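Just below is one structure, and these are the notes that go with it.
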Amino acid sequence: MRFSRMVSKTLRDDPPDAETASHRLMLRAGLIHQVAAGVYSYLPMALRSLRKIENIIREEMDAAGGQELMMPALQPQELWDQTGRKEAFGDNMFSLNDRHGRKMVLAPTHEEVITNLVKANVQSYRDLPQILYQIQTKFRDEARPRAGLVRVREFDMKDAYSFNADEESLDESYQAMAQAYRNIFRRCGLPVLMAEADSGAIGGKDSHEFLLATNTGEDTVITCASCSYTANAEKAESTISELPSEPEATLEEVATPNIKTISALAKFLAVDESKTLKAVFYMSDGEPVFVTIRGDLDVNETKLKNALHSTDLRMADGDEARAAGLVAGSASAIGLEGIKKVVDSSVTNGNNFIAGANKPDTHFKGANYPRDFQADIVADIALAQPGQNCPRCGHTLESTKGIEVGHIFKLGTFFSEVLGADFLDSEGQQHPIIMGCYGIGVGRLLAAAVEQNNDENGIVFPAPVAPYQAHMVALNINNEEVAEAAEKLYKELEAAGIEALFDDREDAAAGVKFNDADLIGLPVRLVVSPRNLKDGKVEIKGRMDTEAGSVPLDGVVAAVQERLAASAE
RNA sequence: CGGGGUGUAGCCCAGCGGUAGGGCGCCUGCUUUGGGAGCAGGAAGUCGGGAGUUCGAUUCUCCCCACCCCGACCA
């Protein structure tokens, strides 16, 4: 490609609204152009990278036994009503009407369609297992798009679905996909964490997220440096400090004037926060729920949601709390009737807690579970925090931010049961097909690759996803000798199958060309200039090299190939 | 959805109750060519939209819209 013919322009100034490196650099290098919040055009260079990533994904999916197909983004809403997921996705789903007034949606994912497709094509255990995938545009009306291609509303996504006759087979498909994912991310230059994840309301047993650790990420991962335990914040477990067991004291009131928070309470009574009980009030599918957790811990709403089998969970507001007769700042489960009570298992660790007395400016001391209050549900609903201990090995946990680039789930039989996708086993028995699903955000993966690979001068593309392999800069191209040598070299590169970007601009100063080369960040830079040409040479420099080397004109192609081969390892 | 912020030329921004400016980019010519060159000339704007106040609004007031950031949300 000739630079002079490229439609995209590089920007001299940093876009002021772009906070993350990938967003800033992709705009500056002319890779993407924003159309609306969370909606972007991919300019030619970005599309080339995207296609490369897609092809890496295809190769690994095919190698793992996947078959590619493509399903429509436009779907009847009816299909989503059958599984109840129109409701579940809520405002995150784009909806529209067709000319007949039929309700349609833009698909955020494709379980409904693929399950029906498989239902029509698979009847026997002999047809299983199947792994089907597509690379399609997905639509999610995100509440807050952010960080360029990291969180968008229209996006290129690879989604795969497995269909199996039994759990063992599902596990094989799941493991094959997990391995394919590791291969894909490695080939794209991304060191990823594979974290245990919450499988969601519909999911079955296992779920894992693949994340690029970066502090601009929006997900939180809990890791253990000692063993391999890695889990996202919604799923992570931890062991908490054991409190010494004391003889149970009597429950008695203590005046706590104007004490509303756990920290104020602990300070006022000169006890550790772990000796207090925190009360948190939620609305779960319209029903009030009273949660008790040890004062030094926080509620993990995902765990709570799972414990309650709730589809819509949120914190209650002040009016709802008052309506349920709760005294904010002094609430506890003691003596509380007519409301569902959830107790975190931390409350069974320790005793003689300080708890609210359900009247203003008053608390109890000597509160004990289950002597003084009971629970409808006792479960681990605590948020794992760095500094707590690993549930596997006891080592101190750490926390890191990350961008989620892939997610795999064992779905189980939810979709096959609702949509009637059954098969007959060898004994003629009918069973719902067991499913898994496996997603990769392709555009987000590109953004993550840029986020991971850049320096102060620009992008440092990993060769397998770079839009071109070589950036050939011709300096003083008005010089006939340079023009001739550069044209010849450009043709040689193309003939050798090396994708080259040829900066043939006549009017751009050397500095401009070098800066653009650094900004775009192709793996190998070649400089054809009068100075080098005098010795019959061309300058060659890897994007991260501090010093440039030089090669004879007739050895350039081989030298580029050598460098690319080396960087591919 | 709550909080904060920003909308002025392709990009980055300044400005102001009297009808809009700088830098970059762009066009023409000359000069220049190893890290964002120089000179001369030039084109380019519904000042986000609407209403109001005013003799006069890009500027003040109100409403709306868009975008960004934080939070909530993110099977």
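Can you work out the PRE-style zone for A:ASP312? Point 7 Å along Cα to Cβ, and I want the residues of the range A:358-384 with backbone N under 16 Å.
Under cut-off, by backbone N: nothing.
What percent of all Cα-Cα pairs in the range A:1-72 falls into each 5 Å bin, going from 0 up to the bin containing the maximum distance?
3, 13, 18, 19, 15, 12, 11, 6, 2, 0
Would you work out which of A:LEU277, A:TRP80, A:VAL343 lies farthest towards the positive end of the dipole of chain A, given +1 charges on the beta-carbon of Lys and Arg and -1 on that of Asp and Glu, about the Cα centre?
A:TRP80
Could you calculate the contour length gain from A:ALA143 to A:HIS395, that is, 0.36 nm times the residue separation minus the distance between their Cα atoms, to one decimal place in nm?
Working: separation 252, 0.36 × 252 = 90.72 nm, distance 3.73 nm.
Full extension of this stretch gives 87.0 nm more.
Could you tell me which of rounded, prolate or oblate describes the range A:468-567, using a ≥ b ≥ c as the square roots of the eigenvalues of the alpha-carbon gyration tensor, with rounded for a/c under 1.5 and, failing that, prolate when a/b is larger than b/c and oblate otherwise?
Working: a/c = 1.45, a/b = 1.17, b/c = 1.23.
In terms of gyration-tensor shape, rounded.
Can you tell me, using C-alpha contacts under 8 Å and at least 6 residues apart, the relative contact order of the range A:2-98 as a whole percent? The partial results should precede the final answer.
Details: 50 pairs, mean separation 13.1, N = 97.
14 percent.
Based on the mean of other beta carbon atoms within 10 Å per residue, what is the order of A:543-552, A:434-443, A:39-48, most packed first?
Values: A:543-552: 13.0, A:434-443: 24.8, A:39-48: 17.9.
Ranked by mean Cβ neighbours within 10 Å, highest first: A:434-443, A:39-48, A:543-552.
Taking only protein heavy atoms into account and a 1.4 Å probe, give the accessible area per residue of the range A:191-307 in Å². List each step's numbers first, then the result.
Working: 5290 Å² over 117 residues.
For the range A:191-307, the solvent-accessible area averages 45 Å² per residue.
What distance in nm separates the simple spin-label points at A:GLU242 and A:LEU69, each placed 7 Å from Cα in the Cβ direction?
Going by the 7 Å Cα→Cβ label model, 5.5 nm.
Starting from 0 in steps of 5 Å, tell me what percent of the Cα-Cα pairs of the range A:141-290 lands in each bin.
P(r) over the range A:141-290, rounded to whole percents: 2, 6, 9, 12, 15, 13, 11, 10, 8, 6, 4, 3, 1.
With 20 Å as the cut-off, how large is the P(r) tail for the range A:252-379, expressed as percent of Cα-Cα pairs? Walk me through the intermediate numbers first.
Working: 3122 of 8128 pairs.
Cα-Cα pairs in the range A:252-379 separated by more than 20 Å: 38 percent.
Based on the Cβ-Cβ distance of A:LYS534 and A:ALA509, what FRET efficiency does E = 1/(1 + (r/R0)^6) give at R0 = 22 Å, to the nearest 0.05? Don't jump to the answer; show the numbers that get you there.
Working: r = 21 Å, r/R0 = 0.93.
Using R0 = 22 Å, I get an efficiency of 0.60.
Taking the Cα centre as origin and putting +1 on Lys and Arg beta-carbons and -1 on Asp and Glu beta-carbons, what dipole magnitude results for the range A:57-199, to the nearest 20 debye? Don't jump to the answer; show the numbers that get you there.
Details: 18 positive and 24 negative charges, 145 e Å.
Using only the charged Cβ atoms, the result is roughly 700 debye.
Per the 1.4 Å probe, what fraction of the accessible area of the range A:240-389, in percent, lies on carbon and sulfur atoms?
Numbers: 3570 of 7000 Å².
Summing carbon and sulfur atoms, their accessible area is 51 percent of the total for the range A:240-389.
Restricting to Cα pairs below 8 Å that are 6+ residues apart, what does the relative contact order work out to for chain A? Please round to a whole percent.
Values: 1197 pairs, mean separation 95.1, N = 569.
Taking the mean separation of contacting Cα pairs over the length of chain A, I get 17 percent.
State the Kirkwood hydrodynamic radius of chain A in Å, one decimal place, computed from all pairs of distinct Cα atoms. Walk me through the numbers on the way to the answer.
On the way: mean 1/r = 0.0365 Å⁻¹.
Evaluated on chain A, it is 27.4 Å.
First compute the accessible area of the range A:468-567 with a 1.4 Å probe, then give the percent of it belonging to carbon and sulfur atoms. Mind showing how you got there, number by number?
Values: 2240 of 4640 Å².
Accessible surface attributable to carbon and sulfur in the range A:468-567 totals 48 percent.
Below 8 Å, C-alpha to C-alpha, sequence gap of six or more: please give me the relative contact order for the range A:381-520 in percent.
Working: 147 pairs, mean separation 23.7, N = 140.
Relative contact order for the range A:381-520 comes out at 17 percent.
Expressed as a whole number of Å, what is the distance separating the alpha-carbon centroids of the range A:350-393 and the range A:284-317?
So the separation of the two Cα centres works out to 14 Å.
The range A:329-391: Rg/Rh from Cα coordinates, Kirkwood Rh? Could the numbers behind the result be given before it?
Numbers: Rg = 13.0 Å, Rh = 12.9 Å.
In the range A:329-391, Rg relative to Rh is 1.01.
Which value, in debye to the nearest 20, gives the size of the charge dipole of chain A about its Cα centre, when Lys and Arg are +1 and Asp and Glu are -1 at the Cβ? Before the final figure, lay out the partial values.
Numbers: 58 positive and 86 negative charges, 219 e Å.
The dipole of chain A has a size of about 1060 debye.
Determine, from the Cβ-Cβ distance of A:THR348 and A:ASN92 and an R0 of 45 Å, the FRET efficiency 1/(1 + (r/R0)^6), rounded to the nearest 0.05. All intermediate terms of the calculation are to be shown ahead of the outcome.
Values: r = 37 Å, r/R0 = 0.83.
About 0.75, to the nearest 0.05.
The values are calculated or read from the model by the stated rules, or taken from the named source; none is laboratory data. Values in this document were obtained by computation on a predicted structure and should not be read as measured data. Neighbour counts are summed over all protein chains in view; Cβ atoms, including those assigned to glycine, are modelled from backbone coordinates with ideal geometry. The area values use the complete protein model at the heavy-atom level, side chains included, leaving out ligands, DNA and RNA. Shrake-Rupley method; radii C 1.70, N 1.55, O 1.52, S 1.80 Å.
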